[in-house]
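The values are calculated or read from the model by the stated rules, or taken from the named source; none is laboratory data. As the structure is a computational prediction, the values presented were derived from the model and not from experiment. All Cβ positions, even for glycine, are placed from backbone atoms using ideal geometry, and neighbour counts span all protein chains on display. Remember, those area values only see protein heavy atoms, side chains included, never the ligands or the DNA or RNA. Shrake-Rupley method; radii C 1.70, N 1.55, O 1.52, S 1.80 Å.
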Amino acid sequence: MTNSLYLVKPEIVVTIVLVCIITFNLIFKDKPQALPWLSVIGLMITSYFVVEQFSYNSFAFASTDYKGLLVTDPFGAFFKILIVLSSVIVILFSISNKELDSAADRLGEYYSLIFGMILGMFFMVSAADLILIYLSVELLSLSSYVLAGFTKNTLRNSEASLKYVIYGGVSSGIMLFGISIVYGLTGTTNLYEINSLIQAPQINQITLLFAGILIFTGIGFKISVAPFHFWTPDVYEGAPVTITAYLSVASKAAGFALLIRFIKVTFIKSINAEGYWQVINVIDWKSFFILISIITMTLGNFAALWQNNMKRLLAYSSIAHAGYIMLGLVVMSNEGILAIIIYFTVYAIMNLGAFFIVMLIANKIGSEELDDYKGLGYSTPVLGISLAIFLISLTGLPPTAGFIAKLYLFIALVDAKMIGVAIIALLNTVVSLYYYIRVLKNMYLDKPGKEIPKFSASIPNLVLLIALVAPIIFFGIYFSPVVNLAKSSLTLFGF
Amino acid sequence: MQNFPILSLITFLPLIGMIAIMFIPKEQVKPIKILTLVITAVQVILAGLIVAFYNYSAGGINNPESFQFVEKFRWIEISGLSWIGKVKVDYFLGIDGLSAPMVLLTAIVTFVATLSSWNIPKSIKGYFALFLLLDTGMMGVFVALDFFLFYIFWELMLLPMYFLIGIWGGPRREYAAIKFFLYTLFGSIFILIVMIGLYFSSTETLVDGTKVFTFNMLSMMNKANFTPTGILSPFNPNNLRFIAYIALFVGFAIKIPMFPFHTWLPDAHVEAPTAISVILAGVLLKMGTYGILRVSYPIFPEITHQLAWYIALFGMINIIYGALCAMAQRDFKKLIAYSSVSHMGFVMLGMASLTTAGISGAILQMFNHGTITSMLFIIVGVIYDRAHTREIDAFGGLANQMPVYTGFVTLAFFAAIGLPGLSGFISEAFVFLGAFGVEAIRVITVISTSGILLGAGYMLWTFQRIYLGQLKDKWTELKDLSFREYAMLVPLSLIIIFLGVYPSAMLNIMNASVNTMVKFMADAQTLYSAMVRF
């Protein structure tokens, strides 16, 4: 037991920082401005230990038969790094978020809850046991329910939180039901053991199918794929924009990491020489995922066409992106996972960037409505051009990183000879162009209703903005670093 | 000269200019304009240098050795033990007789368009920054020989074009801009999917003897480089080459624009400012036909043979449909837009013939149409700047009021009709010469000749309505050409007359490449004959 502790160093650090933040806030109640920096320093230390994990590939807390609760492997380490980076960015966003001013005396809670989420997500990406999966999802959810309604003062904020709690509660209940059925079938909660047990012929296929889909419901809620997406627009619209950005990137990344590990560890018999997975013949996950991903992206893209609120628009766009990312799982190959990892690297940057600008603009004009964006491109050229770059990248046009991300997905699809799915996804891209470009149309092509004075962001925010824009352009032109990072993060323990 | 990176320079000079413009305060209107003008002028000089140092005997097309001004180095390479994610992209530029005329055309048209943008009313800084970005994209498409690079440049033009139409355009500019954007993006997704398919079907042998998948277009043109099982490989009995060809063709046809994908063009032209119309008609439309000649033809030669008849048929529809539409227009600019549809039909007809004369005619027609239509759009712009209307029936008798202007109009109109002695005649004659010699498309060719008659019909009728007859009282204030307008119209006129009298100047450049292509296509017919399947 104790000799596994070195494998969970990041989790330990996160817990310590969490406690530190609470204590610091109790002692120095009048210095909330130090909290974000404390958090950032904590995350820096965490990232050091996470990077260390790229070289590990083993179980932690293994029991007598060498099957452990969680695993540390490069795949998990990649998602942990992604989570740490997006947390740092979101914490830096939070410093200048005006929505949080109304809750200035409770900022200690805000940052400690973020660390609660981080801890939950860390366990999610490395869990190899159904019990730990459930606990980590709950840990993430409980923290995010509170954060979604953190500012309390607006009606839609409380609505967001309540909706999130209800949807989340129901779906985690369903997931728990699925877990209990799997336990009943196999007598174990360890994914690796389940894998070898369900290959036996005496397993009841129908029951297992039922249980698998129930568990997918819980994960599907976290990654907001159709038909489990209904909470997303309302929560994204109502929550403080920093939390919206965080939910759309980090929480989704953790959900996908969990899903990939769950599917790959539990339901894969072997991997052939070309990297394609041989699925155990119980659930036709492939057709199931094709269906889910096509419905998700189409629904997300078409619903986004009618949105007039930036946060809602980006919410539906993030649903659509979940559909695209799902395509990487559809191909059931290591190449697909590579595409997902590349996609997430890029998606995190561009989506956080887009939300950042929405926040900066809302700070100034106090609105997220598209109608109020009219003529904004001329009053704030820097933010306007940056938002244009992020939206073009989200559409997936070269020479931005978004194109590279999509390219790798389509490469995976074409290589798996799933041309039809690729064409549907590409047509979806054309649809998505329409609503992304509508934002730019309002900003540049339309006359402003009222005169907006010129404004720009503060110097630190501009630096942060450049740090987000630069990689989008750079990786669009020279993408070897992203792909090499993804290649080194491909190893899942046990394969 | 062959080792000097002149193609990179001509492609990325505008991009450097764009970055420079970003740093000029936007009140400094004059420096921005002059910088843009200087950059486009330097481009013309560079294009001139390319022609001056051009080796007339080098064929190009499918032979990497005979491309000129080649720049090739590794851009992206993802290696590693496992093959997953292994991608190799080359920064591979080069020109042959197919692209050299296009590079020259792009440089000239962009220079003229810069002059034409001189009096843009608002946001001058943004306008010229986007204009130069567009310039880089256009130039890049014509010099790229790596499919990946080609696609990046292809897509790079979309966004600047959207804004240039959408911000500086006419009353319905938003509709026109988004229509253009959606149409072209719809087309380019097909190009993308075929590109990925070809990537998985063709290999390139590295120096150390290993074979890797490649985006290199020239490798894809060699049948021996295809893998046995790739979905677009001719060796695979279940290949999808036929479908891929059609997908690729649709992607390019939207840009031409080919009937029935042409509907974005009149809208975009009518709403775009004059300079952007000039670019659109002068350069962008050529990308469609250039793409077909550069990509579809040599990579899928056997399907090209199968479908040449249909290409000719659609060419004929374009010629006649475009001419009939043009005849029905009341808006001067829309009329010119539809005449473009008609004239691009000649290019398709020439291409479909697969003969030396036909393909030479097609490429020459691309160049000539670029210069003639640019001139026509400038002519529309001149009158719109003064009268603020383009209604044909609103005018009459302008020849007396603006004699010099009318002189240029006469030249451009007759060049568009195809009067001997002007450049339009030569290219159309070559197209018909080539197409008529091919038994299969002879009927189509004969029907298409009526396009010339229709062209003369709408052009002369328009001329009569606008420039002849009684001058209306409200137009007695109109002034004749300004110095800037001379500067745009004179060079284009000279080119039109020069190529009308001495077309060999251009034909010699493309001759070796056209011969290479015709021979390649003819050889391919036997080479691929065993594996043609529907």
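Some notes on this structure:
- Filter result for the condition that a residue is at the interface with chain A (Cβ under 9 Å from one of its Cβ atoms) and not basic (Lys, Arg), over B:Leu182, B:Leu206, B:Leu198, B:Leu164: B:Leu182
- Inside the range B:419-457, residues that are open to solvent by 10 Å² or more (accessible area, probe 1.4 Å), under 22 Å from the mean Cα position of the chain (by Cα) and more than 25 Å from B:Ala308 (Cα to Cα) make up a count of 1.
- Scanning the range A:289-311 for residues that are open to solvent by 50 Å² or more (accessible area, probe 1.4 Å) and either in contact with a Phe, Trp or Tyr (Cβ under 7 Å, 6 or more places away or on another chain) or not polar (S, T, N, Q) (or both) yields A:Leu291, A:Ile295, A:Leu299, A:Phe302, A:Trp306.
- Qualifying positions in the range B:209-221 - among the aromatic types (Phe, Trp, Tyr) and either more than 14 Å from chain A (Cβ to nearest Cβ) or closer than 29 Å to B:Pro160 by Cβ (or both): B:Phe215
- Checking the stated criteria, B:Met327 turns out not to satisfy the condition of being of a type outside the set (Asp, Glu) and crowded, with 24+ Cβ neighbours inside 10 Å.
- Test: residue in the range A:2-19 that is under 18 Å from A:Leu140 (Cα atoms), of a type in the set (A, V, I, L, M), in contact with a strand residue (DSSP E or B) (Cβ under 9 Å, 6 or more places away or on another chain) and part of a helix (DSSP H, G or I): yes
- Residues that are touching a helix residue (DSSP H, G or I) at 6+ places or on another chain (Cβ under 9 Å) and of a type in the set (Val, Ile, Thr) within the range B:228-276 comprise B:Ile231, B:Ile243, B:Ile246, B:Val250, B:Ile254, B:Ile256, B:Thr263, B:Val270, B:Thr274, B:Ile276, listed in sequence order.
- For the range A:77-105, the set of residues classified as touching a residue at least 12 places away in the same chain (Cβ under 8 Å) and more than 23 Å from A:Ala467 (Cα to Cα) consists of A:Glu99, A:Leu100, A:Ser102, A:Ala103, A:Ala104, A:Asp105, listed by residue number.
- In this structure, B:Met517 qualifies as of a type outside the set (Phe, Trp, Tyr) and in contact with a Pro (Cβ under 9 Å, 6 or more places away or on another chain).
- Among the residues of the range A:365-375, some residue qualifies, meaning at least one is within 13 Å of chain B (Cβ to nearest Cβ) and open to solvent by 10 Å² or more (accessible area, probe 1.4 Å).
- Single unsatisfied condition, B:Gly350 versus (1) surrounded by fewer than 24 Cβ atoms within 10 Å (Cβ to Cβ); (2) in a helix (DSSP H, G or I): (1)
- Checking the stated criteria, B:Tyr91 turns out to be within 14 Å of chain A (Cβ to nearest Cβ), surrounded by fewer than 23 Cβ atoms within 10 Å (Cβ to Cβ) and under 30 Å from B:Phe520 (Cβ atoms).
- Filtered residues of the range A:247-275 (kept if in a loop (DSSP other than H, G, I, E, B) and in contact (Cβ under 8 Å) with a residue 40 or more places away in the chain): A:Glu274, A:Gly275
- Qualifying position, being assigned to a helix (DSSP H, G or I), open to solvent by less than 70 Å² (accessible area, probe 1.4 Å) and hydrophobic (A, V, I, L, M, F, W, C), among A:Leu162, A:Leu185: A:Leu185
- Residues of the range B:378-410 satisfying the condition of being of a type in the set (A, V, I, L, M) and farther than 19 Å from B:Phe483 by Cβ: B:Val380, B:Ala387, B:Ile392, B:Ala394, B:Leu398, B:Ala399
- Per the listing B:Ile279, B:Ile256, the residue uniquely modelled with pLDDT under 90, open to solvent by less than 20 Å² (accessible area, probe 1.4 Å) and closer than 30 Å to B:Cys325 by Cβ is B:Ile256.
- The helices (runs of 4 or more DSSP H) located wholly in the range B:178-279 include none with 3 or more residues which are on the phi > 0 side of the Ramachandran plot.
- Residues that are more than 30 Å from A:Asn195 (Cβ to Cβ) and small (Gly, Ala, Ser) were ranked within the range A:474-495; the one that is farthest from the other protein chains (Cβ to nearest Cβ) is A:Gly476.
- Filtered residue count, the range B:96-148, keeping only those that are under 23 Å from B:Met195 (Cα atoms) and in contact (Cβ under 8 Å) with a residue 24 or more places away in the chain: 17
- Yes/no for A:Leu391 being open to solvent by less than 20 Å² (accessible area, probe 1.4 Å) and away from chain B (no Cβ under 11 Å): no
- Residue selected from the range B:387-429 under the condition part of a loop (DSSP other than H, G, I, E, B) and not small (Gly, Ala, Ser), by the criterion nearest to B:Gly500 (Cα to Cα): B:Leu422
- Condition met for A:Ile118 (within 19 Å of A:Leu191 (Cα to Cα), part of a helix (DSSP H, G or I), open to solvent by less than 50 Å² (accessible area, probe 1.4 Å) and among the β-branched types (Val, Ile, Thr)): no
To keep it simple, each residue is scored yes or no on (1) open to solvent by 50 Å² or more (accessible area, probe 1.4 Å); (2) facing another protein chain (nearest Cβ under 8 Å); (3) in contact with a Phe, Trp or Tyr (Cβ under 9 Å, 6 or more places away or on another chain).
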{"site": "A:Ala422", "(1), (2), (3)": "no, yes, yes"}
{"site": "A:Ala425", "(1), (2), (3)": "no, no, yes"}
{"site": "A:Asn428", "(1), (2), (3)": "no, no, yes"}
{"site": "A:Asn442", "(1), (2), (3)": "no, no, yes"}
{"site": "A:Ile452", "(1), (2), (3)": "no, no, yes"}
{"site": "A:Ser458", "(1), (2), (3)": "yes, no, no"}
{"site": "A:Leu464", "(1), (2), (3)": "no, no, yes"}
{"site": "A:Ile472", "(1), (2), (3)": "no, no, yes"}
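- Total residues in the range B:16-34, condition assigned to a helix (DSSP H, G or I) and either farther than 24 Å from B:Met488 by Cα or open to solvent by 50 Å² or more (accessible area, probe 1.4 Å) (or both): 7
- Filter result for A:Pro448 (over 30 Å from B:Ile165 (Cα atoms) and either within 11 Å of chain B (Cβ to nearest Cβ) or at pLDDT below 85 (or both)): no
- For the range A:479-493, residues that are surrounded by fewer than 17 Cβ atoms within 10 Å (Cβ to Cβ) and over 11 Å from A:Phe75 (Cα atoms) total 3.
- Screening the range A:29-58 for residues that are part of a loop (DSSP other than H, G, I, E, B) and not acidic (Asp, Glu) and picking the one that is most open to solvent (accessible area, probe 1.4 Å) gives A:Lys29.
- Matching residues in the range B:126-156 - criterion: being of a type in the set (A, V, I, L, M), away from chain A (no Cβ under 11 Å) and within 19 Å of B:Val109 (Cα to Cα): B:Leu132, B:Leu134, B:Met138, B:Met139, B:Val141, B:Val143
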